[in-house]
Amino acid sequence: MKEYYETFGVMLLTLTLSFIFKLWFFRDNVRIHSGLIMKVLFNLSLPCIIFRNLYNMNGLDLESLYLVVGGFIYQFSIGGLACLVFLFIKNPDHRKLAIFNSLALNTALFIFPVLKSVAPTDGISKCILFCFSNDLCCYLVIRPLYAWLGLTQSTREKGEISIEMETISTSHSQTIPHDSHPSKESPQKENKDKDTTKLLNTSKDEEEEDHKTIHINEPGNVINDDSTQIDLGNATLVQQKKTSLKDIIIKKLTNKNTIQIAKGTLMAVITSIPIYATFSGYFFALTQFRLPHVLLTFIDTCANANSLLAYAILGSFFEWKIPKKYLLTCFSVVLYRMLFGLAFGLIVYFGFQKWIGPVARFVMLISPLTPAPLIDSIYTIEYKVTPQEIPIMINNLTIVCSYIGILILIPIINP
């Protein structure tokens, strides 16, 4: 256990020094200057440690399947229950951020060094199997959700600005005195007014195209194909059909914003080096194909830098200040994550002793207690989602709670 306590001591020291360096050198601009170190971590160090641990595996067994399935069960259950738990949050944006930040885990940046000291043989490789669903959740669920929320907020802000401009324009026109003897308007002005009226009518028609409307058709007028005609003598009642649900879904799926989000998500998956490292590690483990010693030495060197880079980033992104109006949302998410993760881990650890080995059960016990992923804060900044303070504060609070919780739990339950 001495090595275990040393690992937590190094973790605390690295986090503290990174936080001090941020305050001393970068102040509030750490997110602007942290791009390089994050790219080195996610595209070099993290893929190397994933590949190296999977490379040493002897193969996949039934326990590996239990780990993968357990990870998917965790993600689906915590996400589905979060949709009900956070209904009490009145602000819709805060509620969505609470649900988003309930998903996924920060195992790679937080728990890998701990597992290396507690279960050095196969602890990290089993954790990678359990967190396979976590990687898919980060790229295929969380990223599109933040992109969608950012576009929604941007559209809403543009609508509010246009309404304010229209209100100002109306109030300004009301303050202009009218001439008791109006002069005859020029033809150019009349044409401009007609064009404006036509534009307003067109936009109004577009807004009401999905609603059911009734028109009186005079004899001789043309009736569209998508309307129903009822003869009432001299007049004809025309009842337009309401747009079907299928048409609405197709329209939303073929929307420009939807296509943009889908392309961004697909590119994120295609360009994700950790995913390639995962599959290539499985391939070399199953085929028992051996790489040159020089290449393995390079991979080991990069993998050994994972702990330093990971804790440096966590310490750099650590924040103390948060507006009081966000405290309820942040504390609710942290409490929910920790209680759900502890309940899930204890059920697996004590309820599946006959089917799952001690190391795999230990991984499924402490992995759900890891902090919220840093990727929430990154996506919040990337897609200009507000308020940015909520994901950042949730990440910071979960780091503290995870550190204390795992530090106490591991000596009690040691694999």
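The table that follows gives values for the structure above.
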| quantity | calculated |
| --- | --- |
| Whole-number D in µm² s⁻¹ for the stretch 314-415, Kirkwood Cα-pair radius fed into Stokes-Einstein, 4 °C, 1.567 mPa s | 87 |
| Backbone N under 18 Å from the LYS324 label point (7 Å along Cα→Cβ), restricted to the stretch 377-399 | 390 |
| Residue exposure sequence - LYS96, LYS321, LYS263, LYS384 - by fewest surrounding Cβ within 10 Å | LYS321, LYS263, LYS384, LYS96 |
| Cross-link table LYS2/LYS22; LYS90/LYS321; LYS2/LYS116; LYS96/LYS384, entries beyond 19 Å C-alpha to C-alpha | LYS2/LYS22; LYS90/LYS321 |
| Stokes-Einstein diffusion coefficient of the stretch 1-140, Kirkwood radius over Cα pairs, 25 °C, 0.890 mPa s, in µm²/s | 138 |
| By average C-beta atoms within 10 angstrom, highest first, the peptides 290-296, 8-14, 266-272 | 8-14, 266-272, 290-296 |
| The stretch 345-358 - phi-based ³J(HN,Hα) in whole Hz, Karplus 6.51/-1.76/1.60, Gly and Pro as x | x, 5, 4, 5, 5, 9, x, 10, 5, 6, 10, 10, x, x |
| Volume per residue of the C-alpha convex hull in the stretch 301-348, rounded to whole Å³ | 98 |
| Dimensionless Rg ratio for the stretch 314-374, taking C-alpha atoms and the 2.2 N^0.38 Å reference | 1.47 |
| Simple spin-label estimate for THR152 and LEU308 in nanometres, 7 Å along Cα-Cβ | 4.3 |
| Full-stretch length increase - LEU266, ALA343 - with 0.36 nm per residue and alpha-carbon distance subtracted | 24.3 nm |
| Per-residue ³J(HN,Hα) for the stretch 122-136, Karplus 6.51 cos²θ - 1.76 cosθ + 1.60, θ = phi - 60°, Hz, x for Gly and Pro | 9, x, 5, 5, 6, 5, 4, 5, 5, 8, 4, 5, 5, 5, 5 |
| Cα-based shape type of the stretch 265-344, given that a ≥ b ≥ c are square roots of the gyration tensor eigenvalues and the cut on a/c is 1.5 | prolate |
| Label-point separation in nm, THR301 to PHE279, each point 7 Å along Cα→Cβ | 2.9 |
| Residue-wise HN-Hα coupling along the stretch 69-86, computed from phi with Karplus coefficients 6.51, -1.76, 1.60 (Hz; x: Gly, Pro) | 5, x, x, 5, 4, 4, 5, 5, 6, 5, x, x, 5, 4, 4, 8, 5, 9 |
| Calculated over the stretch 81-158: convex hull of Cα atoms, volume per residue (Å³) | 103 |
| The stretch 285-415, relative contact order in percent, only Cα pairs under 8 angstrom and at least six apart counted | 28 |
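Each reported figure results from applying straightforward, stated rules to the coordinates on display, with no laboratory input. Note that this is a predicted model, so its numbers are computed, not measured. As a convention, Cβ positions derive from the backbone with ideal geometry for all residues, glycine included, and neighbour counts pool all protein chains shown.
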